[in-house]
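Okay, handing you the structure first.
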Amino acid sequence: MGSNKLESVAYGYAADASGLEQENRFLRESLENLEKELEKFRRNPLIACEVRQIIGDRALIRLPNGNEFLVDVANNCRQLLPGDGVLAEQKNLTIVDKIASSKRFDVESFVIVEKPTITWQNIGGLKKQEKEIKEVIELPLIKPELFVDLGIEPPKGILLHGPPGTGKTLLAKAVAQSTKSTFIEVVGSELVQKFIGEGAKLVKEMFQLARERAPSIVFIDELDAIAATRVDIGTSGEREVQRTFMQLLSEIDGFKNLENVKIIGCTNKKELLDPAIVRPGRLDRLIEVPLPDDYARKEVFSVHLEKMKVSGIGVDELVKKTENFSGADIKNLCTEAGYFAIRKNRKEIQHEDFLAAFEKLKSSESQDNEHLRMFG
Ligand SMILES: Nc1ncnc2c1ncn2[C@@H]1O[C@H](COP(=O)(O)OP(=O)(O)OP(=O)(O)O)[C@@H](O)[C@H]1O
Ligand SMILES: [Mg+2]
């Protein structure tokens, strides 16, 4: 065998060897990939949950089923804040990752956001309240420099209180209109009933939205549903309400007096409110919106009559007859009177229609509180 042949055989082996090595490497790689894939199938899913509180280097989290646990936090996701969404391992619930919060939970589908069209002219008999609201809400929004120059801080918010149907919502909308503010409305009882588990988050995001859309008025109707004094916060429902309330307080405390977000709270049950909400620096202007007196009722009538086709109305008699009526009751009476005119095929509403409407309301079967209030 010549040396040439030997060389070529050796060369052939070497070539084979490198080919095999290559193949080997290739097989190992695909094995690794398959193992990774397999690992994915073996891995347990992580639980998405929410951070409630940071306690030392551990965190209190809330699971989707409402249960709460104090758990460890992996090193790569320190700097968590209450409200953050996180992923936790199933076995020991250790937080292993934070969920990017790029997609905010859609607060706008939970609250009413509008630019109201109600004006001060649509409100009857509440001149004193109007004047005060103009001073504490409108003026700081329109001319903040007045306050800066004098070195005083306008209130962050007000509390409107009084019986149902007296014009509280109207006042809030009118000031939003006159200051061209975004009106963000949420109802306290809905916060605690509809959005179980989400109340605090909703409050937080609502204020964030208010800042983005400033100038804005945050209107919280039925404030007593979240801000009532609680004797017993034992049940989880009560704790939830308490958390929502705490979030509200911290949001109010969290912005400056001259930031152009104002809060208007509303309640029919002022006596139930936790004093914390009306403490100085919070909703510290209390404005009462009572049932209208004779003079105010006349004004309310004229607001509503102005929009109606009427003839020969003796307003003074109607005013006298409607003691204890709220603005909403008066509006209701006007609508009923309109129906009487329609039934009689008339093109305008007459005094007798109002009297008939009054009798109808009076004799209506209802024996409820409303009825007692209106007709004694
Ligand atoms: N002062 C008023 N002037 C004119 N209309 C009024 C007045 N008060 C109430 N109304 C009429 O009653 C309706 C309801 O009023 P509004 O919603 O402002 O009452 P509210 O005080 O907010 O009641 P609630 O406490 O039940 O929320 C108004 O849309 C309006 O038609
Ligand atoms: Mg209202």
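Only the coordinates and a few stated rules stand behind these numbers; no lab work does. Computed from a prediction, not measured in an experiment: that's the story for all the values here. Cβ: placed from backbone, ideal geometry, glycine included. Neighbour counts: every protein chain shown.
Scale the Cα Rg of the stretch 1-43 by the rule-of-thumb value 2.2 N^0.38 Å and send over the ratio, two decimals.
2.02
With each label point set 7 Å from Cα along the Cα-Cβ vector, what nm distance links residue 142 and residue 320?
That separation, rounded to one decimal, is 4.0 nm.
Right, here's the next one. Give me D for the stretch 200-277 in µm² s⁻¹, whole number, from Stokes-Einstein with Rh from the Kirkwood sum over alpha-carbon pairs, 20 °C and 1.002 mPa s.
The Stokes-Einstein estimate is 163 µm²/s.
For the peptides 345-356, 42-53, what is the packing order when you average, over each peptide's residues, the other Cβ atoms within 10 Å and list the highest mean first? Can you show the working numbers first?
Values: 345-356: 16.2, 42-53: 14.7.
Output ranking for 345-356, 42-53: 345-356, 42-53.
Moving on to the next point. Whole Å is fine, so just give me how far the alpha carbon centre of the stretch 204-244 lies from that of the stretch 70-130.
Using only Cα atoms, the two centres lie 11 Å from each other.
Running Debye on the stretch 47-98 with equal point scatterers at the Cα sites and no solvent, what base-10 log of I(q)/I(0) appears at q = 0.12, 0.30 Å⁻¹?
With one equal scatterer per Cα and no solvent, log10 I(q)/I(0) is -0.18, -1.34.
Note the per residue figure in Å³ for the convex hull of the C-alpha positions in the stretch 126-232.
It comes to 135 Å³ per residue, whole-number rounded.
Another question, if that's okay. On average, how much area does the Cα convex hull of the stretch 294-375 cover when viewed from any direction, in nm²? Could the numbers behind the result be given before it?
Numbers: hull surface 19.8 nm².
Projected area, direction-averaged: 5.0 nm².
Now, a different point. Which lysines, if any, have their Cα less than 29 Å from the Cα of residue 40, not counting same-chain residues under 8 positions apart?
91, 98, 103
Within 10 Å, count the other beta carbons around each residue, average over each peptide in 326-332, 269-275, and list them highest first.
In descending order of packing, they fall as 326-332, 269-275.
What is the pair-distance distribution P(r) of the stretch 240-339, computed from all Cα-Cα distances in 5 Å bins starting at 0, with each bin given as a whole percent?
Per 5 Å bin, starting at zero, the Cα-Cα P(r) for the stretch 240-339 comes out as 2, 10, 18, 15, 10, 9, 10, 11, 9, 5, 2, 0 percent.
Let me ask something else. Quick one: divide the alpha-carbon radius of gyration of the stretch 1-135 by 2.2 N^0.38 Å and tell me what you get.
The stretch 1-135 yields a ratio of 2.35.
Could you work out which residue, out of 110, 69, 358, moves most in a Gaussian network model of the chain, that is, has the largest mean-square fluctuation with Cα springs under 10 Å?
Largest GNM mean-square fluctuation: 69.
Which residue fluctuates most in the GNM of the chain (Cα springs below 10 Å): 246, 206, 308?
308
Taking the Cβ-Cβ separation of residue 311 and residue 113 as r and a Förster radius of 41 Å, what is the calculated FRET efficiency to the nearest 0.05?
Efficiency, from the Cβ-Cβ distance: 0.50.
In nm², what is the average projected area of the convex hull enclosing the Cα atoms of the chain?
Across all orientations, the chain yields a mean hull projection of 35.4 nm².
Further question: For the stretch 107-288, state the semi-axes of the equivalent ellipsoid (square roots of 5 times the eigenvalues of the alpha-carbon gyration tensor), sorted largest first and rounded to whole angstrom.
25, 18, 16
Between residue 92 and residue 302, what length in nm is gained on full extension when 0.36 nm per residue of separation is reduced by their alpha carbon distance?
68.8 nm
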